[in-house]
Amino acid sequence: MEIKQNFSLKKYNTFGIDVLAKQFTEFNSTEQLENIFNNCKLKTTNHKLILGGGSNILFTKNFDGLVLKNEIKGIETIHEDEKYVYVKAGAGENWHQFVMHCIKYNFGGVENLSLIPGNVGASPMQNIGAYGLEIKDVFHSLEAFHLAEKKIKTFTLNDCEFGYRESIFKKKYKNEFAILDVTYRLNKNPQFNIQYGAIKEELENMNITELNIQAISQAVINIRSRKLPDPKVIGNAGSFFKNPEITNDEFVVLKNKFEDIFGYQLDNGNVKLAAGWLIEQCGWKGYRKVDAGCHANQALVLVNYGNASGKEIYDLSEEILQSVNEKFSIKLEREVNILYYCYAAK
Ligand SMILES: Cc1cc2nc3c(=O)[nH]c(=O)nc-3n(C[C@H](O)[C@H](O)[C@H](O)COP(=O)(O)OP(=O)(O)OC[C@H]3O[C@@H](n4cnc5c(N)ncnc54)[C@H](O)[C@@H]3O)c2cc1C
C-alpha cells in the first residue's frame, strides 16, 4: 500500500479543482482497508475521506487528512428467484459500467439511471436519481466498514433512510462508514418507465418500435449528452442545488406573484419547485466571474471554466443562494458535498 503525500486531487474531482490531499492512498479490498486502519501512522490522522469518482464533491481548501480512494471491484449475481435477480457490485465499480452490465443481461430497473457519473459505492449516499427513478427503487442491501469501530455492518433498505438526494450516510452516519459493496434487486421481466422528461419523444426520434431497456438506456444517454456539460470538457458536479420542496399554501402565494412558476405536486401535499428556474429568474444563467460560472444552458449546474478555485465556486453558490432567497424567500440547499478542511502545504 503506497501512501502519497501532498497529492494533487485535480484529476480526482470532476470540478477539476486543484487542491492537495495531505495523504492519499487507494484500497481494492476490505482487507486493505482494515490494514490502513491498523497502520499506526495512519490511524492517528483525524480527517479521513472516502472518495469515489469525485463527481459530487467540491473541495474548497486543501484536504488536511487522508483521502482513501475506493477501488473495490467486481460484479456478481448472488441470488435469483422467479421475479428478481440480486446483483452485488463492488463500491469502486463505475456506475455507468454497472448499468451497462445490467442492460447486457436484460436486468431491468437501472436503465433510466444511465450515464450518471461516479461509482457504485456513492449511489446510496444521496440515493441517486434521474428520469423518474431513484436507487431506492432497486436497492436491496449494502455492506459498509465502520471507520471507528473497524467492523462491517449490513444495511437493508429500511436502514438507509433514503429520501430525495438523501440517506442516513449523509446525515446521522456522515463520514462514519466506507461502503464496500451494494446489492441491487433487478427485474427479470423489466417494467418500462418512460413517462418522465423527454424519454418518450427521444424513443420516437430513434424510431424504436419494440420497447426494451437497451433502447431506454440509449434514449437517456442521448438526452443527457445533449443537456448536461461533460466534466471532461468543462468542470462541474451536475446539479449543484436540490429542487426545493414547499407547502401548497406557500406555492399559492408564489404563484400569485410569479405566474410562470411551475410546481410539481407531491404525494405528501407539498410542491416541488425547479431550482434551475428560480436561479435563472435571478439572472444567473450564463454568468461568469473569471473561471467560476453558472452554465449557459443549465442554470442548476455551476462550472469551472479552467482554473477556478473551490472557494470561488463556493462563493458563487452563496451569492446565488442569497439572491434566490431575496426574490422568492426560498433557501436552496446544496446537493454537492462541500469539503472545508484547511491544510497549509509546504
Ligand atoms: C455531469 C453530472 C451529472 C450528474 N447527474 C446526476 C443525476 O442525474 N442524479 C444524481 O443523483 N446525481 C448526479 N450527479 C452527481 C453524482 O454523479 C452522483 O452523486 C454520484 O453518485 C457521485 O458518485 P462519486 O463516486 O463520484 O462520489 P464522490 O463525489 O466521490 O463522493 C460523494 C460523497 O460520497 C462519499 N462516498 C463516495 N464513495 C463512498 C463509499 N464507497 N463509502 C462511503 N462514502 C462514499 C464521499 O465521501 C462524498 O461525501 C451528476 C454529476 C455530474 C458531474
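The values are calculated or read from the model by the stated rules, or taken from the named source; none is laboratory data. Nothing here was measured: the structure is a model prediction, and the numbers come from that model. Here the Cβ positions follow ideal geometry from the backbone for every residue, glycine too, while neighbour counts run over all protein chains shown. Ligands, DNA and RNA are stripped out before the accessible areas are found, and what is left, the full protein with its side chains, is counted by its heavy atoms. Shrake-Rupley method; radii C 1.70, N 1.55, O 1.52, S 1.80 Å.
Whole-Hz Karplus values for the stretch 319-328 come out as 4, 4, 3, 5, 5, 5, 5, 5, 6, 10 Hz, taken residue by residue from phi with 6.51 cos²θ - 1.76 cosθ + 1.60 and θ = phi - 60°; glycine and proline positions read x.
Nonpolar atom fraction for the chain, defined as the carbon and sulfur part of the 1.4 Å probe accessible area, stands at 46 percent.
Tell me, in nm to one decimal, what length is gained between Ser329 and Trp277 on full extension, where the rule is 0.36 nm per residue of separation less the Cα-Cα distance? Each step should come with its number before you reach the end.
On the way: separation 52, 0.36 × 52 = 18.72 nm, distance 1.44 nm.
Working it through step by step, the gained length comes to 17.3 nm.
Restricting attention to the chain, close to 75% of DSSP beta bridges with both partner residues there are antiparallel.
You can think of it this way: the chain between Glu204 and Gln97 has 36.0 nm of extra reach, that is 0.36 nm per residue less the Cα-Cα gap. For the stretch 136-182, the Cβ-based charge dipole about the Cα centre amounts to some 200 debye (Lys, Arg positive; Asp, Glu negative; other atoms uncharged). Using the average count of surrounding beta-carbon atoms within 10 Å as a protection proxy, the listed peptides 271-282, 254-265 rank, highest first, as 271-282, 254-265.
Arrange the residues Phe251, Phe240 by how much accessible surface each exposes, largest first, with a 1.4 angstrom probe.
Working: Phe251 30, Phe240 0 Å².
Listed by decreasing accessible area, they come as Phe251, Phe240.
Across the stretch 135-252, Cα-Cα pairs farther apart than 22 Å form 59% of the total.
Measure out, as a whole number of angstrom, how far apart the alpha-carbon centroids of the stretch 10-87 and the stretch 94-114 sit. Here the answer is 22 Å between Cα centres.
For the pair the stretch 134-163 and the stretch 229-256, the centres of their Cα atoms are 27 angstrom apart. Note on Ser8: accessible area is roughly 50 Å² with a 1.4 Å probe, heavy atoms of protein only.
Taking the stretch 13-84, how many lysine pairs are there with alpha carbons less than 15 Å apart, if each pair must be eight or more places apart or span two chains? Can you show the working numbers first?
Numbers: Lys22/Lys41; Lys22/Lys43; Lys22/Lys48; Lys22/Lys61; Lys22/Lys69; Lys48/Lys61; Lys48/Lys69.
Lysine pairs satisfying the spacing and distance rule in the stretch 13-84 number 7.
The calculated pair-distance distribution of the chain uses every alpha carbon pair, bins of 20 angstrom beginning at 0, and gives 28, 58, 14, 0 percent. Put simply, the convex hull of the Cα atoms in the stretch 1-43 casts, on average, a shadow of 3.4 nm².
Given a cut-off of 18 Å, what percent of all Cα-Cα pairs of the stretch 169-314 lie beyond it? The proportion of pairs with Cα distances above 18 Å equals 72 percent.
Take the Cα of Asp260, go 7 Å toward its beta carbon, and none of the backbone nitrogen atoms of the stretch 223-239 fall under 19 Å from that spot.
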